[in-house]
1. Is at least one residue of the stretch 155-168 farther than 28 Å from GLN230 by Cβ, open to solvent by less than 30 Å² (accessible area, probe 1.4 Å) and in contact with a Leu (Cβ under 6 Å, 6 or more places away or on another chain)?
2. Would you check if ALA255 is at pLDDT 95 or above, under 30 Å from VAL82 (Cα atoms) and not acidic (Asp, Glu)?
3. For the stretch 1-55, which residues satisfy the criterion of being open to solvent by less than 20 Å² (accessible area, probe 1.4 Å), aliphatic (A, V, I, L, M) and closer than 14 Å to ARG90 by Cβ?
4. Could you tell me which numbered condition ALA255 fails, if it satisfies all but one of (1) over 15 Å from the mean Cα position of the chain (by Cα); (2) assigned to a loop (DSSP other than H, G, I, E, B); (3) closer than 19 Å to ALA57 by Cα?
5. Can you work out which of the residues in the stretch 202-232 that are in a helix (DSSP H, G or I) and in contact (Cβ under 8 Å) with a residue 40 or more places away in the chain is most open to solvent (accessible area, probe 1.4 Å)?
6. Could you tell me how many of the residues in the stretch 56-65 are buried (at least 23 other Cβ atoms within 10 Å of the Cβ) and assigned to a helix (DSSP H, G or I)?
7. Residues of the stretch 66-86 being closer than 14 Å to GLN122 by Cβ and either aromatic (Phe, Trp, Tyr) or not in a helix (DSSP H, G or I) (or both), which ones?
Amino acid sequence: MLIDTHCHLDASEFDPDRMQVAEAAWAADVRRIVIPAVEVANFATVRDLAAQIPGGAYALGIHPLYVSRAQDADLDTLRQAVISALDDPRFVAIGEIGLDFFVQDIASGKPRERQEYFYDAQLALAAEFDLPVLLHVRRSQDILLKYLRRRTGVRGGIAHAFNGSAQQAHAFVDHGFALGLGGAMTYPRALQIRRHAVDVGLEHLVLETDAPDIPPAWLYTPHRRNSPDQLPRIAEILAELRGQSVSDIAEATTATAQRVLPRLAH
């Protein structure tokens, strides 16, 4: 059994064949797919989609690249959505939240302070309801960690698509986070990510696709869509790098996903 801890199955790239993609993932032994929201407008979409697919789960949050079209009131909407979702066993985390200092903003170029405001507010929400978070980490590791140190009560979660230093990796682990490994790890030139894949304890690693984005090496052609059924081959790469069996990787990463996202276990 494998768990795709980060998959945007609601994306328009899957409009022609979304259910078939989910079925192919299930047939490939990907038995849980976590679908994170990115803005208020898709809260209902990810919730409903998680209920429609086998093994579906979802997270609710406002992505840092979408804060330009978010209003402060959206944080109240998020809070109400979280309260409404607490009795839904498919709801597993606050996410996707975080900071992106590579692409400042997808719309208006608002400064990073706006991202930080939304990030900290959503950390507070996660702490209030004792929920883990799915963190977007892009050229922002130290600032993300700064807020985690200040904001007590955040139980951890997953540092999605992590590509920081070894010191930063250990700092996230110390804060209760697992590191998400996906398609980027499959490229031989991704030396830093591959070092994390080997050096970080397997009990602190989870698998993800970020589909339809971050395609693995074997799909790297223009406009080639990533999908959750690629997770077994990604697991094979991790097994090769660590010198372990694929079954060991599957068992350990599944256990870690269920530990850092406890509602997945139920």
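1. No - not one qualifying residue is present in the stretch 155-168.
2. Yes, satisfied.
3. If the condition is that a residue be open to solvent by less than 20 Å² (accessible area, probe 1.4 Å), aliphatic (A, V, I, L, M) and closer than 14 Å to ARG90 by Cβ, then ILE3, LEU9, ALA22, ILE33, VAL34, ILE35, ALA37, VAL46, LEU49, ALA50, ILE53 are the ones that fit.
4. Every condition holds for ALA255 apart from (2).
5. GLU203
6. Of the residues in that region, 1 qualify.
7. Once the filter is applied, which keeps residues that are closer than 14 Å to GLN122 by Cβ and either aromatic (Phe, Trp, Tyr) or not in a helix (DSSP H, G or I) (or both), the stretch 66-86 yields TYR66, ALA70, ASP72.
The values are calculated or read from the model by the stated rules, or taken from the named source; none is laboratory data. Nothing here was measured: the structure is a model prediction, and the numbers come from that model. In this analysis, Cβ positions are derived from the backbone assuming ideal geometry, glycine residues included, and neighbour counts consider all displayed protein chains. Note: areas computed on protein heavy atoms with side chains; ligands, DNA, RNA excluded. Shrake-Rupley method; radii C 1.70, N 1.55, O 1.52, S 1.80 Å.
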